[in-house]
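Accompanying notes for the structure given below.
The values are calculated or read from the model by the stated rules, or taken from the named source; none is laboratory data. Not measured: the values here are computed from a predicted model. Here Cβ is always computed from backbone atoms with ideal geometry, including for glycine, and neighbour counts include all displayed protein chains. The area values use the complete protein model at the heavy-atom level, side chains included, leaving out ligands, DNA and RNA. Shrake-Rupley method; radii C 1.70, N 1.55, O 1.52, S 1.80 Å.
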Amino acid sequence: MKKIFIILPLFLSGFLFSQKKPQKKPVKKATTAKFNYHDEFKKISDEVMGNGTAYENLGELTKGIGPRFSATPGYAKATEWAEKKLKEAGAQNIWKQDVKVPVWIRGKESLQIKTGNGDWKNIRMLSFGNSEGTGGKDLTAEIILINDITELNALTSLQLKDKIVFVNMPLDPKVISTVDSYLATAKSRLLSASVIGKRGAKGLIIRSLTTASDDTPHAKMIYYEPDDKVRIPAVTIGVKSADELEKLLKKQKVTAKLNMSAELKGEAVNQNIIGEIPGNKDAKVIVLGAQLDSWDFAEGAHDDGSGVVQCIEVLRALKALGFTNNHTIRVVLYANSENGGQGREMYASYVKKKDEKHIFALGTDSGGYSPRGFSLDMPSQRRRQIFEWKNYFLPYGIYDFDQTYAIQDISPLKKMDIPLAEIVVDTQRYFDYHHSVEDTFDKVNKRELLLGATAMTQLIFMIDKNW
């Protein structure tokens, strides 16, 4: 009893004391909105697949404007169209960025061949972009076939002097990735006018870099070395003509008559077109990029009209869904991708000069085909983060996150350590039409185009909410 008597007052006094001391209210931790990402992905998919305008916009761009080569009226019309479409999509800030571009005029061009005393036969051809011409005069010379660097190195300068070199190098059909096959072939020194010219040749003819089996020529860009004393003309021909020419050359002497009035006429100013939705949390930038220009003879539906309208669709869909973006979401439509790449360099210089914080860049330039995934050119920590989202993408056919290249117009941003990604699509038919007159609106499937826009919008949503 005595012990209880002593403890009880102590207990009561402690209780009374504690009642007099004010209680601290627990501090509320800042909360962030939680998302059911499966539901959000479904909302995005429903909006794009049900209400998307990308296909109709592509029709306007390709059929209404048509070819939009650098320094041409077609490109000027395309910039006006792009500004209008970005505004309709909900972009709040839209501006032009001046870019100096080469003025290259294709002009008239022709290629004829003959054997012995036979008649001249016309061959369908295209000059390399930015190639020197023949001054509008006939360049007549014997054709020599070279399909291997070893063969080239084995020939003397005397044997090559004043010849037109023909290279019949097909894309390797055993390489399942057509992009890998294309890049491997395109990097061959045999396709370099500078390499061939320095050995004494007067011209270069190559087999078009295509997976098609027709006779449509596909354009290619030329790169002369600064120390080239003579810049030789270069052309591409279709697959059927290339194979027929090789057969002839293995039997007899073949002479070519090449006439090109192509020439460079200084520079002009084109514009990158930029539109954005400002961030609600900060000014960090998530950028989507596609090229606005096409070749001078092409509608450029897959390359890269599809990418242009998909980027615009991302903005439209996010605005339509009432999406509150944390960071600035920006679309850049690049000038001069086909024959120079000045647009991409200008934008990268702008970012560096302004010291803008870019947290992510997504490029699209592989056509409006069914999407398969995203190639991730970024630090492993960021890659792992995107890997964790794979299950959200799987219901939409997006499964490939293993590739690590980003070679399109966003690539100069890599120098600033900006994480890059590129949409991966099924490219098995892409090089059938790439850089040719066959790259037309009717080759694009509406559903595939919108599926690509859906995947892009879903990825941008995830980056904005988690980075």
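Taking all protein chains as shown and a probe of 1.4 angstrom, K121 keeps an accessible surface of around 100 Å².
If you bin all the Cα-Cα distances of region 38-116 at 5 Å, starting from zero, the percentages per bin are 3, 10, 15, 15, 15, 12, 9, 7, 6, 4, 3, 2, 1, 0, 0. Based on the Kirkwood radius over alpha-carbon pairs, what value in µm²/s does the Stokes-Einstein equation return for the translational diffusion coefficient of region 207-255 at 10 °C and 1.306 mPa s? D = 125 µm²/s.
In the full protein context, region 172-246 carries 43 Å² of accessible surface per residue, based on a 1.4 Å probe and ignoring ligands, DNA and RNA.
What the Cα convex hull of the chain gives, in volume per residue, is 207 Å³.
A simple spin-label model places the labels of D426 and D46 2.7 nm from each other, with each point 7 Å out along Cα-to-Cβ. Around the amide H of R372, modelled in the peptide plane, lie the amide H atoms of V424, V425, D426, all under 5 Å away and 5 or more residues distant in sequence or on another chain.
Calculated mean residue ellipticity at 222 nm for the chain: -10000 deg cm²/dmol, from DSSP H runs with n ≥ 4 weighted as -39500 (n - 2.57), summed, divided by the residue count and rounded to 500. Counting only residues at least eight positions apart within a chain, or on another chain, the aspartates and glutamates with an alpha carbon under 12 Å from that of K414 are E345, D377.
The Cα-based radius of gyration of region 342-437, divided by its Kirkwood radius, gives an Rg/Rh of 1.01. On the basis of the beta-carbon distance and an R0 of 22 Å, N445 and K187 show a calculated FRET efficiency of 0.10. Measuring against 28 Å, Cα to Cα, the residue pairs K174/K198; K174/K247; K87/K220; K137/K163; K253/K443; K163/K229 contain K174/K198; K87/K220; K253/K443 as the ones spanning a longer distance. For region 258-318, the set of trypsin sites (Lys or Arg not before Pro) satisfying both a DSSP loop assignment and a count of at most 12 other C-beta atoms within 10 Å is given as K281. So, with a 1.4 angstrom probe, what is the percent of accessible area on region 275-384 that is carbon and sulfur? Carbon with sulfur: 41 percent of the solvent-accessible area.
Remark: C-alpha extents of region 145-221 on the principal axes read 40, 24, 19 Å, sorted largest to smallest.
Between D39 and Q252, the FRET efficiency estimated from the beta carbon spacing at R0 = 51 angstrom works out to 0.15. Considering all alpha-carbon pairs of region 411-467, what whole percent are spaced by more than 19 angstrom? Roughly 51 percent, once rounded to a whole number. Considering every Cα-Cα pair within region 202-341, what fraction, in whole percent, is farther apart than 21 Å? When every Cα pair of region 202-341 is considered, 62 percent fall beyond 21 Å. Here's the list of lysines a cross-link from K415 could span, going by alpha-carbon distance under 18 Å and ignoring same-chain residues fewer than 8 apart: K284, K352, K353, K354, K357. Using the Stokes-Einstein relation with a Kirkwood hydrodynamic radius computed over Cα pairs, the translational diffusion coefficient of region 92-229 at 20 °C and a viscosity of 1.002 mPa s comes to 125 µm²/s.
Magnitude of the Cβ-charge dipole of region 197-335, K/R +1 and D/E -1, about the Cα centre, nearest 20 debye?
600
From the alpha carbon centroid of region 258-296 to that of region 435-467 is 18 Å.
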